[in-house]
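The values are calculated or read from the model by the stated rules, or taken from the named source; none is laboratory data. Keep in mind that what you see is a predicted model, and the values were worked out from it rather than measured. Because the Cβ atoms are built from the backbone with ideal geometry, glycine has one as well, and the counts that use them run over all protein chains shown.
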Amino acid sequence: MAGSGVPSWFETVLTEHLGALYQAALRYCRGSIADAEDLVQDTVLRALRAQDQVRSHETMRGWLFRALTTTHLNRVRGWRRRGEALAGDLGDEGFEEALTAWVPMAGPEEQLLLKVQAAEVAAALDQLAPELRATLWLRDAEGFSRREIAEMLDVPEGTVASRVFRARRALRATLTASASPSRTAAGGAA
Amino acid sequence: MRNSLSMTCGRARRLAFEPTRGQVTEIERWLAARHVAGCLSCRAFEADMHLLATRVPLVGAGEGPSPEFVSRLRRATASAGRGARYRRVAAVAAVAAAIAGLGVLAALQLSPDTRDPLLVELAARRLALLAEPGIESADPGAVEQWIVGRTGLHVHVPTFDDARLLGATATRIGGYPAAVVRFQVGTGYVAYATVAVAEAAEPDVTLRSASMQGLQLVWWHDRTSRHVWSGSVPADHLASFARRCIEQAAVVETLETAAADGRQPLPDHGRGRGV
């Protein structure tokens, strides 16, 4: 894009992060390619307009994922504000109770049920609430820390932790149920 | 903070999830580690969480953006980098031509007894439309791109010094695809709706005005769309937004057409500022 007016640093960063952004967008949008492309394009153009804020190469990745995630969540939840509690968010006591109630997997048999194909995991992710899906993706697929995710979503770290837990709990329930329909997954869905 | 020597499974697991949360003392960390080491259930919990965390990265491997999308994105960023508008504002082309021919915008005409079903529906649903989900952004370019992605409508989102862009929603009005752009004016709101009516009509930049259910409405139409400003503000004020909206769209259209024809370069500021 030399001579196009797009700074070279932006080109470099775009090349580095486009694949990951696209994958996240595709999952946020539950596999809809058109919606994912739309979301990525919005995010990239926002980054270009805000280049003074995101010039630092180190902060670019976080900025891009924050923009991608908040743009998506703003779309799906309309006028609800970032940082607003999600129905089902757990308080301190509720979170500890939920953690205590976790029933360990029934040994290798149930663990084997979770060793499923990517398509089945994707289908299970699609069933999560948008906030849970985004939080789990940022944590487990992109490896952002709880603190980074909390800053992105403008929620307390404890809320990120409880959303990750709830998302994994629901994922387990869906995957084990789909792999073995006669079985009821311990732990239950979120 | 708990200073007792007891450690519950819930507390230990929570520390595993939020190791940096709040005032966690070294004693508490040690107690948690000791608890987990001696608790089969908590060790199983950690193993389960680890296993589940390895499932999500499976998804997406090999799912990259298509070359067509990457090309499109590069064109979009190149265009944005020039400061040009990303999309042509096709919906106002006919109006722009009409303005060029007329040289001046027509006067506001009062239509006090309109029974236009589109306007009636718009007035009736205005509050609901303001609350509908959509994009929340003060960036006109982002709002335009969102609208075109949702509705296919190329809507010019104007900028004003005396109104703050809040966002937009995509909907259907009278059964037609529509976009409603929201602005804050003082402590109130005005909305700019573009409805893609199916019937082609001769463009008419005459601004018409009516009052309906306590709401002021000002509208005009181009070949394929009806444009309506609405709000609880005086009709003249609303008409002022409508005029500036048409003027800005016409300026952008002229610049883009000139740039496309290679007659003149796009300026650094493709987007009109508050007029």
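Annotations for the structure displayed:
- Some residue of the range A:76-90 being modelled with pLDDT of 85 or more and among the β-branched types (Val, Ile, Thr): no
- The combined condition, being assigned to a loop (DSSP other than H, G, I, E, B) and at pLDDT below 80, is not fulfilled by A:Gly94.
- Restricting the range B:173-222 to residues that are surrounded by fewer than 17 Cβ atoms within 10 Å (Cβ to Cβ) and polar (S, T, N, Q), the residue that is modelled with the highest pLDDT: B:Gln184
- Any hit, the range B:45-60, residues being at positive phi, at pLDDT below 80, of a type in the set (Gly, Ala, Ser) and touching a helix residue (DSSP H, G or I) at 6+ places or on another chain (Cβ under 9 Å): yes
- Among the residues of the range B:40-75, those identified as surrounded by fewer than 18 Cβ atoms within 10 Å (Cβ to Cβ), under 22 Å from A:Ala101 (Cβ atoms) and more than 7 Å from chain A (Cβ to nearest Cβ) are B:Leu40, B:Arg43, B:Glu46, B:Ala47, B:His50.
- Note on the range B:166-226: no enclosed strands (runs of 3 or more DSSP E) hold 2 or more residues that are not assigned by TED's automatic domain parsing to the domain that holds B:Gly141.
- Qualifying residue in the range A:111-119 (condition: outside any loop (DSSP other than H, G, I, E, B), modelled with pLDDT under 90, of a type outside the set (Ser, Thr, Tyr) and assigned by TED's automatic domain parsing to the domain that holds A:Ser32): no
- Boolean, B:Ala12 is modelled with pLDDT under 80 and assigned to a helix (DSSP H, G or I): no
- Under the condition of being modelled with pLDDT under 90, over 19 Å from A:Ala118 (Cβ atoms) and not charged (D, E, K, R), the residues counted in the range A:161-179 number 3.
- Residues in the range A:140-160 that are more than 8 Å from chain B (Cβ to nearest Cβ) and under 21 Å from B:Asp48 (Cα atoms) were compared, and the one that is surrounded by the most Cβ atoms within 10 Å (Cβ to Cβ) is A:Val160.
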